[in-house]
1. Within the range 233-274, restricting attention to residues that are touching a residue at least 60 places away in the same chain (Cβ under 8 Å) and within 18 Å of the chain's Cα centre (by Cα), which residue is surrounded by the fewest Cβ atoms within 10 Å (Cβ to Cβ)?
2. Look through the range 332-364, keep the residues that are in contact with a Phe, Trp or Tyr (Cβ under 8 Å, 6 or more places away or on another chain) and either without any contact (Cβ under 8 Å) to a residue 40 or more places away in the chain or in a helix (DSSP H, G or I) (or both), and return whichever of them is farthest from VAL181 (Cα to Cα).
3. So which residues in the range 164-193 are open to solvent by 20 Å² or more (accessible area, probe 1.4 Å) and either in contact with a Pro (Cβ under 8 Å, 6 or more places away or on another chain) or of a type in the set (Val, Ile, Thr) (or both), if there are any at all?
4. Restricting to the range 295-329, and then to whatever is in contact with a Phe, Trp or Tyr (Cβ under 7 Å, 6 or more places away or on another chain) and of a type in the set (Val, Ile, Thr), can you tell me which residue is surrounded by the fewest Cβ atoms within 10 Å (Cβ to Cβ)?
5. Just give me the residues in the range 84-140 being over 30 Å from GLY310 (Cα atoms), touching a helix residue (DSSP H, G or I) at 6+ places or on another chain (Cβ under 8 Å), open to solvent by 50 Å² or more (accessible area, probe 1.4 Å) and charged (D, E, K, R), in sequence order.
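The values are calculated or read from the model by the stated rules, or taken from the named source; none is laboratory data. No experiment lies behind these values; they were computed from the predicted model shown. In this analysis, Cβ positions are derived from the backbone assuming ideal geometry, glycine residues included, and neighbour counts consider all displayed protein chains. Accessible surface areas use protein heavy atoms only, side chains included; no ligands, DNA or RNA. Shrake-Rupley method; radii C 1.70, N 1.55, O 1.52, S 1.80 Å.
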Amino acid sequence: GFVVDESTSLGTRSVVGPYEVDPGRTRIMQSAAQMVPSKALHVQDSALCGSCHTLHTHTLGPKGEVIGELPEQVPYLEWKHSDYGGIQGCPSCHMPEVEGEMPISSTLGQSRPDFARHVFRGGNFFMPRMLNSHRDVLGVVAEPLEMATVSARTTEHLQSASARLAVEGVRIESGILRTEVVITNQAGHKLPTAYPSRRAWIHLTVVDGRGAVVFESGRLNGDGSIAGNDNDADKARFEPHYAEISRPDQVQIYEPILGAPGDKVTTGLLAATRYLKDNRLLPSGFDKATADGDIAVKGEAMADADFKAGGDRIRYAVPLGEASGPFSVRVELWYQPIGYRWAMNLKEYDTPESAQFIRFFDGMASATAALLARKQGTINPPQAGAGR
């Protein structure tokens, strides 16, 4: 509902910020930038972020007609439905404040309190890497160090402020190693959120006393795909949400899966009418029972009592067979801004741009994902006669 003012002539058009500007500096800015500064506190409100980051795309039919609508990204609506709404806003994470006062103008700068750094922290560390690696072909003018710094800071923020991981109740019962993995979402919206190419998943490995892998779910392959993920193996299928995992080909992936008419799995925004799966981790205070359609949980996660506000608890039941202990359990949470299937589906389009992107993606496949958290523990099998 916002409007860009194009009717007011330059020199008298208003530009707003959170500070009161004195008459002298107002005249200087009006002369230098052809804009008149004025104070408007709405620029600090999360609703301003939501005016762009609440995006619905229109689904097109075979003749180009609009046949539906998809909530492509709605992090502001997710935030409003959480404990963060009205308490901790978007700028607190994405535009962290500088400590102390800061002059924010190069000409007659006046020190201001509570200045928000314009770093705009996001969740895509991969695209700056790609742009940097192919800067000559893509005409990138930002310095290599600047692009590398953006990618590194994004990764650091994801690793320090996105999620916590815990492993609980590790035990061996009748030859089955059982444990529960608990993920806590630390963000004020779903994790991952925004553009629906993003996904996070659990990689769990059990190793026996000789160092041999007894069980592994969620391994990242060298080409950027996830071992055992139905969607990476077959574009027409996808991995469901699990309450318990007992086989290596079952992987807990927190992701949105788009559906075209007829429930056809797709990654095309203009083809999608709804979500077939959305089990992205919920923020604290998010009631999935009362969430409206734009932010609703979709698929098996809706019926999973352990998938709730603040995160997820998932059970693992690992058959140990003839393996001998002690057993080491390692759990990792991985994240990918552009999932393998989203990239591979571009091969269907015979355009120079899509072919170029696929070449770039394939050449950087090992750098498409980041490890967000890791936990590890060891357990000895029960002694004979101990009962367990």
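1. Among them, the one singled out is LEU269.
2. LEU346
3. Residues of the range 164-193 that are open to solvent by 20 Å² or more (accessible area, probe 1.4 Å), as a first pass: 164, 166-171, 173-176, 178, 180, 182, 184, 186, 189.
Answer for the range 164-193, where residues must be open to solvent by 20 Å² or more (accessible area, probe 1.4 Å) and either in contact with a Pro (Cβ under 8 Å, 6 or more places away or on another chain) or of a type in the set (Val, Ile, Thr) (or both): VAL167, VAL170, GLY175, ILE176, VAL182, THR184, HIS189.
4. If we take residues in the range 295-329 being in contact with a Phe, Trp or Tyr (Cβ under 7 Å, 6 or more places away or on another chain) and of a type in the set (Val, Ile, Thr), then ILE314 is surrounded by the fewest Cβ atoms within 10 Å (Cβ to Cβ).
5. ARG129
Matching residues to (1) assigned to a loop (DSSP other than H, G, I, E, B); (2) of a type outside the set (Phe, Trp, Tyr); (3) within 28 Å of the chain's Cα centre (by Cα):
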residue	(1), (2), (3)
LEU70	no, yes, yes
TYR84	yes, no, yes
ILE87	yes, yes, yes
SER105	yes, yes, no
